[in-house]
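As structure tokens, the structure follows; a few thoughts come after it.
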Amino acid sequence: MFNSLKSKFIISFITIEIIFFTLIVSLNFNSLNKASQTLTDEKMHVSSQLLIELIKTPLITYDLATLDDIVKNFSNIKNVIAIQVDDVNDNIISSYIKEETISEETFKNLIHDNTQTLTKDRKYISTLVEITVDDEHLGHIEFVFDNSEHIKIIKSNQNKTYILIAIALLIGFLISYFVGNKLEKSLKHLTKIAKDVADDKNVVIPYNDSHKDEMDELFYAMHRMQKHISERTLNLNNSINDLQQFINALNHSAIVSKTDTKGVITYVNSKFCEVTGYSEEELLGQTHNILRDKEVGDDFYKDMWETITAKKIFHSTFKNIKKSGEPYYVDATIVPLLDREGNVIEYIAIRYEVTEIVDAKDKAIEAKRIKENFLSNMSHEIRTPMNAILGFVQILQKNTTNKTNLSHLKTIQNSSESLLHIINDILDFSKIESGKLVIDKHPFIPQYEFTQTIELFAINAQDKSINLVTNIDSDIPNCFEGDLTRIKQIMFNFLSNAIKFTKDGKSIFIDITYKTKTSLLCISVKDEGIGMSKEAQSKVFNAFEQADNSTTRQFGGTGLGLSISSKLASLMNGEITLESTEGMGSTFSLYIPLKVCKLNDKNLSLNDLSTEDKRFTGKVLVAEDNKTNQMLIKILLEDYGVEYTITDDGLQAFKAFKTSKYDMVLMDENMPNMTGIQTLEKILKYEEENQLKHTPVIALTANVMQEYKQRFAAAGMDDFLAKPINYTELERVLERFLHNSKI
Amino acid sequence: MKYIYTILTFFTIATTSLHADIIMGIVPQQSPLKLLKVWKPISTYLSEQTGEKIIFKTEKSINKFEEVLYNGGYDFAYMNPYHYVVANKKQNYIAHVRANKNIRGILVMKTGSSLEKLKDKNSRYLFPAPNAFAATLLTKYDLVQKFGVSIEVLNNALYVNSHDSVYKGISRGIGNIGGGIERTYKNMNDKNVKKSLNIVHTTKAYPSHPFAFKPSMKKEVRKKIVDALLKMPEPLLKALSVKKLKKINHTEYDSVKSLAIKLQIMPK
């Protein structure tokens, strides 16, 4: 019966009420009694002292009439019911008794007993007070005090208090009963709702938006909770459904397995069994070592284990072995599954068989390697005869005065240069694609270099009556540090395109500016050519594409030029922009950031770039096996007035080096008996053994790939001269290592 | 405002000087409470009748009363005949009114006491005050003349302030013989006391207590008071145990004066 919340509530409430009331009442009654007693005592004390003072004189003079009057008047004081005055001889000399309240006999008894409780509600208190004057005893007074009124007041107070307590308890009981009842009813209702919600029944929870009390709030909270639970359950079911579909999709496509924290397989899907050839029974309880390929090193598995135990996701492609012993590749992702505290509980591995992809990739890499080698060889093989053709054309031009022949020679030169240009384009594209193209920065004088480059197109422009309008900003600094070759290559591309696509009699505008704030060099070439459609503009920077196929047919070219230019600009942290209107012309602009440098003796000066004929003094040893090239070099060196010795291979060259003193060695790489590098090593060793001053050795090769340059430099070559040798490059090398002797 | 205040002050002073309080002194022969009960209504009556403000005044003791009276402290006073002859001599107080009766002294003893006690050396005499006319002086005179007892010689007298105290003292054994007067004895309310006493001797009659006026009092005022006294209503007279008040000539007190001389208590 007392287990219900209501009973507990009522009992607790009433108990607390009773305890508090009892404490309050007992304290109150106790205080009241004490106060009453104190009041009575004080009243009696004050009264007796007053009486004594009043009766002293009449007592001394035996003025009994006055004494009687005083006594009688004194007896009018409330609650004083009898007084007696005795003289020093204990003779009663005055007395007064209120006969209606007390008999003479009772009075006498009281004088003996001091206190007498006559009935439950009536109490008389007697007191005796001595009368003295200056320590002389005159007598004493006795008087009786009726304390009944105080008792009556206290009793009345107590009775009223008891009634009030009873009323308070009754009200308390009724309130607690009412509240408890309401609470019990609400809680039972809530319990039923909670059970129904737990049983997944459809429940409507009544609630009141206005929240009159906590119970309303509880109902409202329950309503919200139920709403959230419903939404969450729906979301959860949807998620489970989605998840199940994901799992199905995953099981159909991926090899899935789970392992415990020790790496023991606890789950495999059917795909796993299908690919590996193992049954589920064979796999469960095993580790993935069952699939391990011995070629995959321990370090790989150590790294994998360290990654996943550190709660990170491991991803890699590696080789496994099927039950049949057949190898296969998987692209695996291993994810650690964590509990709420963040501890690993198991690992899930999702693998895709990528054997075909890996094979294809391997084949592609091999193909690429073959292609690069082919390009390299092609470059070398084509450049060598081109070297001879161009070299001899130059020699013939110098020695021929017949105009027809000169015209033919010019055609041969143009065709050869065009062919060389195409080869260079293909080679550059190949280098860019394989990431082997390196930007080589040197200081250069922009005004001079850009003017020189533009001038190269002057004849072509003149041939087509095209007006070249050049505007080079006079504020352009004297010296930039950058890859001049590549910048010129881009300019070359812009200008050759502009001349190619501009009809006779039109103009080409070249604008070159530099913005100090942004350190941006802008080279802009605007033509009045055929222009491009929007579609054509979007394709023009793609490799092997021109504005349209008819362009290739009409104007020629590989379609690589702008693609290479664009990529070179990117490599130099710049960009190329294009503005074009079909039929109106196009503007190509190159923007690249360039550092300004100071012009000094150490880098370059305009004098060095003088175009006047140069002569050099010195003796050069040439190691070249190709007879045509030997002849070409011979002619070139003679032109510069340099002495030389030609040898057919490295062995001969080393022999010649030992027998005579040379100022410079031009060393071909690919030679019979001893390669260029082997010969260099011999020379260096010889110099060291004989403590000779080092003679500069310059690599002479048609192989212009950057890696070859690096290889030569690493071997100890002092410089590099690309074949086919042209005057400019040869002059640069001679100038560096020989004495200059002006005519 | 200041001007008005000054005028008011002046007016109050003037009024006071014109209508000064008239002090009516009463000999304290009874307890002050009893005196107040009897005399307060009389003073009120006189004030109403005369239009004067008449204030009742008494003293703690007869001695004090005598001191004030003999210094002219009251405008008019009710006093015993001996007091009157002294006051007349000292301050020229003149008696104009007295009760229409004579005064006699009495000696009381406890019922059953022997007259022999009168002469007993151990007997204690109680008197209201040394100069109470009838209760002390007349009784002392008769004790000497008729019983050959000299109180002064016995030196055993106790003055208990009032007649009632004398009677109560004898009744409660404080003394053996007490001096009083017929009127006070008769007016004694305490039946238990009265029952226990006997009058053992009554003296010769003398004129009773007079109302004597200070000679400085204006005649018209005095007249108004005398007239009012003579017309005093019966309830007030009854409280005084007097049937009627009458107008007198002050020579009526010559017998008192000669008695005082005989008792050698007349001041020179």
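Ordering A:F314, A:Y278, A:L234 by the projection of their Cα atoms onto the charge dipole of region A:201-315, which places +1 on the Cβ of Lys and Arg and -1 on the Cβ of Asp and Glu, puts A:L234 at the extreme positive end.
Out of B:V193, B:G173, B:T111, whose Cα points farthest toward the positive end of the dipole of region B:109-268 (charges: +1 Lys, Arg; -1 Asp, Glu; placed on Cβ)? Farthest towards the positive pole: B:V193.
Could you tell me the relative contact order of chain A? Use alpha-carbon pairs under 8 Å, at least six residues apart, and round to a whole percent.
Over chain A, the number comes to 7 percent.
Here each label is just a point 7 Å from Cα along the line to Cβ, and for A:L236 and A:Q286 those points are 3.8 nm apart. Spin-label model, A:S253 to A:D213: label points 7 Å out along the Cα-to-beta-carbon direction sit 6.1 nm apart.
Summarising the overall dimensions of region A:262-338 from its C-alpha atoms, the Rg and Dmax are 12.5, 35 angstrom.
Buried surface for the B/A pair, taken as the accessible area of each chain alone minus that of the pair with a 1.4 Å probe, is close to 1000 Å² in total. For region A:5-160, the dipole from Cβ point charges (+1 on Lys and Arg, -1 on Asp and Glu) about the Cα centre works out to 1720 debye, to the nearest 20.
With only Cα atoms counted, region B:64-210 has Rg and Dmax values of 15.6, 46 Å.
Considering only protein heavy atoms and a probe of 1.4 Å, how much of the accessible area of chain B is carbon and sulfur, as a whole percent?
Exposed carbon and sulfur together represent 54 percent of the surface.
Return a whole-number percent for the relative contact order of region A:5-160, with Cα pairs under 8 Å and 6 or more residues apart as the contact set. All intermediate terms of the calculation are to be shown ahead of the outcome.
Numbers: 180 pairs, mean separation 31.4, N = 156.
So the answer I get is 20 percent.
Annotation: for a label point projected 7 angstrom from Cα along Cα→Cβ of A:K634, residues of region A:378-395 with backbone N closer than 19 Å are A:385, A:387-395.
Other residues with beta-carbon under 14 Å from the beta-carbon of A:G650 carry, at +1 per Lys or Arg and -1 per Asp or Glu, a net charge of -3.
Can you pull the mean other chain C-beta count within 10 Å for peptide B:166-176?
That average works out to 4.
Length gained on full extension, A:K98 to A:A194, computed as 0.36 nm times the residue gap minus the Cα-Cα distance: 26.5 nm. On the basis of the beta-carbon distance and an R0 of 30 Å, A:T470 and A:L406 show a calculated FRET efficiency of 0.60. The C-alpha atoms of chain A define a longest principal axis, and helix A:64-74 lies at about 40 degrees to it. Across B:V27, B:V38, B:V97, mean-square fluctuation computed from a Gaussian network of chain B (C-alpha pairs under 10 Å connected) peaks at B:V38. Under the shape rule built on the C-alpha gyration tensor, where the axes satisfy a ≥ b ≥ c, region A:393-478 is oblate, since a/c reaches at least 1.5 while a/b does not exceed b/c. For the residues of B:156-162, the average number of beta carbons from a partner chain within 10 Å of their own beta carbon is 4. Helical runs (DSSP H, four residues minimum) scored at -39500 (n - 2.57) apiece and divided by the length of chain B put the mean residue ellipticity at 222 nm at -12500 deg cm²/dmol. A protection proxy built from the mean count of other Cβ atoms within 10 Å ranks the segments A:464-474, A:345-355, most packed first, as A:345-355, A:464-474. Ranking A:L170, A:I389, A:V344 by how far each Cα lies toward the positive end of the dipole of chain A (charges on Cβ) leaves A:I389 at the top. For region A:5-160, the solvent-accessible area with a 1.4 angstrom probe is 55 square angstrom per residue. The base-10 log of I(q)/I(0) for region A:5-160, evaluated at q = 0.13, 0.14 Å⁻¹, reads -0.67, -0.74 [Debye formula, identical scatterers on Cα atoms, solvent excluded].
Secondary structure note: in the protein assembly as shown, about 75% of the DSSP beta bridges are antiparallel. Assuming charge only on the beta carbon of Lys and Arg (+1) and of Asp and Glu (-1), the dipole of the protein assembly as shown about its Cα centre is about 10760 debye to the nearest 20. Working ranking of peptides A:272-282, B:61-71, B:131-141 by packing, defined as the average number of other Cβ atoms within 10 Å per residue, highest first, is B:131-141, B:61-71, A:272-282. Once the C-beta distance of A:E433 and A:S589 is scaled by a Förster radius of 35 Å, the resulting FRET efficiency is 0.90 to the nearest 0.05. Relative contact order of chain B: 27 percent, from C-alpha pairs under 8 Å at least 6 residues apart in sequence. Calculated from the alpha-carbon coordinates, region A:612-740 shows an Rg and a Dmax of 13.5, 42 Å respectively.
Each 10 Å bin, from zero up to the one with the longest distance, holds this percent of the alpha carbon pairs of the protein assembly as shown: 2, 7, 9, 8, 7, 6, 5, 4, 3, 3, 3, 3, 4, 5, 6, 7, 7, 5, 4, 2, 0, 0.
Only Lys, Arg, Asp and Glu carry charge here, each on its Cβ (+1 for the first two, -1 for the last two); on that basis region A:254-353 has a dipole of about 100 debye about its Cα centre. The length gained by stretching the chain between A:L32 and A:K517 to full extension, at 0.36 nm per residue less their Cα-Cα distance, is 164.5 nm.
Computed from backbone phi, the HN-Hα couplings of region B:126-143 come to 10, 10, x, 8, x, 10, 5, 4, 6, 5, 9, 5, 5, 5, 4, 4, 5, 4 Hz, rounded to whole numbers (Karplus: 6.51 cos²θ - 1.76 cosθ + 1.60, θ = phi - 60°; Gly and Pro given as x).
When the trypsin sites (Lys or Arg not before Pro) in region A:264-329 are filtered for DSSP coil states and for at most 16 other beta-carbon atoms within 10 Å of their beta-carbon, the remaining sites are A:K294, A:K311, A:K312, A:K322, A:K323. When the trypsin sites (Lys or Arg not before Pro) in region A:119-161 are filtered for DSSP coil states and for at most 14 other beta-carbon atoms within 10 Å of their beta-carbon, the remaining sites are A:K120. A DSSP coil position with no more than 16 other Cβ atoms inside 10 Å describes the following trypsin sites (Lys or Arg not before Pro) in region B:175-254: B:K204, B:K218, B:K231, B:K243, B:K244. Spin-label model, A:L578/B:K247: points 7 Å from Cα along the beta carbon direction are separated by 16.4 nm.
The values are calculated or read from the model by the stated rules, or taken from the named source; none is laboratory data. Since the structure is predicted, the reported quantities are computational estimates derived from the model, not experimental observations. Methodologically, a virtual Cβ is constructed for each residue, glycine included, from the backbone with ideal geometry; neighbour enumeration extends over all protein chains shown. In case anyone asks, the SASA skips ligands and DNA or RNA and just uses the protein heavy atoms, side chains included. Shrake-Rupley method; radii C 1.70, N 1.55, O 1.52, S 1.80 Å.
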